[in-house]
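Some notes on the structure that comes next.
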């Protein structure tokens, strides 16, 4: 089932676009903060990994050249996804990228019963943490796209916009 | 915001070009531009505040943000002359030193390979193979236990070697150290015997013109320390004592921090050891093949003050008895003291008191398992304190306490301003310096000191969870210390843990040992150069 973007009410559009921009802002700043901090590395987070994939994440952290690539992809990934969501530019791809990245963060260090992490958390979490919630919010954005309503996707996917459809019908 | 108010100018609706878009439509496409304005306004505001804070801290401290000015391995010289090295004492430490010199026992290679196969993150083998080829061969071996002598010979001819040089000829075993040193087969010797042998072997080697790398503690007694110092000072041999902290980047950086006088007047330094397992308390494995037939017991106890019948415990767990070593003094206080001496250049203290007891490991040992020593340096207005227990694992680290700031030195290094600092008072009041977290941390292998980091990263740094690399490689400080010794043998210079600091180490440790054993405050007489 696909909900057509024309069917959103103003309130729905406002809420969805606001959610998209806020998540975009968060990604964008996370990326910028990492790029501009010469000391930042994902090594600590990866080395703390638990659960099924801990071996994989740990091996990423222990190989300095691989770690360099991981840090690069992560920082720039965050920046580009953030830009995509805020600008509404290639929104679908950016949203999918964001879901993938958050899924990696989640499975690297899931807050399951019995797992403890040295990194202090700012709240209390059991199975569900803010990473999982942000991930779910991005799945919502994927289900209810808004890039062609508010965003550069209007220009990129001009032919798919309601405005273009309406123009076409008016001339028909 | 519904899409029913569409303005169109009558152009062809089939045009795919979005220039046909309404003004309102264009606004919707570019709606987030002002949001970026808000973002970057806030971003630059935060960045400017961070930069001001960082620059204020850095200009105040006048210490470079980068790694230590002199990183030992940065002065890398190709190993020119081939050196023939002997090993005397191939227990745990001897085997580790020889491996870090490029000769692992084949069993070790196999177990490290297996460990890597099971767990790709296990880098023991990789670290070993990435060592620099030091252009040496192990030509001679001496150990009073047959099994260990055999192991040393096997290691000397190991096929899997850094640099892929291939196997060397098997080393020759000597039953007595004198024969090894007199053989003419060695240019340099690594001494990793129990402490009661150090001085005899060192002095004999020095008399033969053989360079010496000796494990800590340098000697078992004060007199031996004088004898070793005199012998080395009157010779051309290169003497290195085995304190690998001399090669640690965080220790070298800590010295720079002291030179920049960031801590203000330092009145107290606390070095600590906390261990909580039998191995850490020297309850080492007794080898199943150890027996009067395989161990030359009489030779082993030759320099010991008390001769006793053959004892496996005493042979394999020698650190538990004053006959062979000095317990916590020579084993672990020596490391902490040498770290303090490297960073503060304190030298020999004026006085020492010590206390402690055998409180947990009541297994027949005569050295304490809980031990504190307090040294006074009235000329420096400084107390250096050492505190150790072998029955608790809480990490306390090494802390330098100044009026203006405290410095903690471990794998990483952190400096935290003091709430009542005079020097930083203004900056603390202005909110530039936060006394609840380090002013900066330095993590070896990273890009430098860090005046502005998140709490999370500081947490990782303090836990030592971040890996240390040098030039993209994990390097062992043992390897660097051996390399430093060989470099000086070949090219001249002063080894980082030379005879002068080694002598200070030995005397300082012996002051604590004597204070403990004699139950009194002992002093160093700088004129007669004696502990009194």
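Is it the case, given these coordinates, that residue B:325 is at pLDDT below 95 and closer than 17 Å to residue B:91 by Cβ? So residue B:325 does not fit the description; no. In segment A:33-47, which residues are touching a helix residue (DSSP H, G or I) at 6+ places or on another chain (Cβ under 8 Å) and more than 7 Å from every other protein chain (Cβ to nearest Cβ)? Scanning segment A:33-47 gives A:34, A:35, A:36, A:40, A:41, A:42, A:45, A:46. Within segment B:262-288, residues that are at positive phi sit with their Cβ atoms under 7 Å from residues that are assigned to a loop (DSSP other than H, G, I, E, B) and at pLDDT 95 or above, at 6+ positions apart or across chains, in these pairs: B:264/B:403; B:264/B:404; B:264/B:421; B:282/B:317. Here residue A:115 meets each of (1) without any contact (Cβ under 8 Å) to a residue 60 or more places away in the chain; (2) part of a loop (DSSP other than H, G, I, E, B) with one exception, condition (1). Residues of segment B:239-286 that are out of contact with any helix residue (DSSP H, G or I) (no Cβ under 6 Å at 6 or more places or on another chain), farther than 30 Å from residue B:499 by Cβ and part of a loop (DSSP other than H, G, I, E, B): B:264, B:265, B:276, B:277, B:278, B:283, B:285.
Exactly one residue out of B:383, B:435, B:399, B:416 is over 30 Å from residue B:368 (Cα atoms), in contact with a strand residue (DSSP E or B) (Cβ under 9 Å, 6 or more places away or on another chain), at pLDDT 90 or above and part of a strand (DSSP E or B): that is B:416. Of all the criteria given as (1) under 20 Å from residue B:164 (Cα atoms); (2) in contact (Cβ under 8 Å) with a residue 12 or more places away in the chain; (3) touching a helix residue (DSSP H, G or I) at 6+ places or on another chain (Cβ under 7 Å), the one not satisfied by residue B:90 is (1). Of the residues B:356, B:393, B:397, the single one that is buried (at least 19 other Cβ atoms within 10 Å of the Cβ) and either under 23 Å from the mean Cα position of the chain (by Cα) or closer than 30 Å to residue B:526 by Cα (or both) is B:356.
Checking A:35, A:56, A:16 one by one, the residue that is without any contact (Cβ under 8 Å) to a residue 40 or more places away in the chain and either within 16 Å of residue A:102 (Cα to Cα) or in a helix (DSSP H, G or I) (or both) is A:56 and no other. Report yes if residue B:31 is part of a loop (DSSP other than H, G, I, E, B), crowded, with 16+ Cβ neighbours inside 10 Å and either modelled with pLDDT of 70 or more or at the interface with chain A (Cβ under 10 Å from one of its Cβ atoms) (or both), otherwise no. Considered against the rule, which asks whether it is part of a loop (DSSP other than H, G, I, E, B), crowded, with 16+ Cβ neighbours inside 10 Å and either modelled with pLDDT of 70 or more or at the interface with chain A (Cβ under 10 Å from one of its Cβ atoms) (or both), residue B:31 comes out as yes.
Within segment A:158-165, is there a residue that is touching a residue at least 40 places away in the same chain (Cβ under 8 Å), within 26 Å of residue A:16 (Cα to Cα) and away from chain B (no Cβ under 14 Å)? For segment A:158-165, residues touching a residue at least 40 places away in the same chain (Cβ under 8 Å), within 26 Å of residue A:16 (Cα to Cα) and away from chain B (no Cβ under 14 Å): absent. Applying the set (1) away from chain B (no Cβ under 14 Å); (2) under 20 Å from residue B:35 (Cβ atoms) to residue A:85 leaves exactly one unmet item: (1). Checking each residue in segment A:48-58 for being within 11 Å of chain B (Cβ to nearest Cβ) and surrounded by fewer than 18 Cβ atoms within 10 Å (Cβ to Cβ) picks out A:55, A:56.
Kindly provide the set of residues from segment B:411-428 that are in contact with a helix residue (DSSP H, G or I) (Cβ under 8 Å, 6 or more places away or on another chain) and surrounded by fewer than 18 Cβ atoms within 10 Å (Cβ to Cβ), ordered by number. Hit for segment B:411-428 is B:419, nothing else.
The values are calculated or read from the model by the stated rules, or taken from the named source; none is laboratory data. These numbers were taken from a predicted model, which means no experiment stands behind them. FYI the Cβ positions are ideal-geometry reconstructions off the backbone, even for glycines, and counts take in every protein chain you see.
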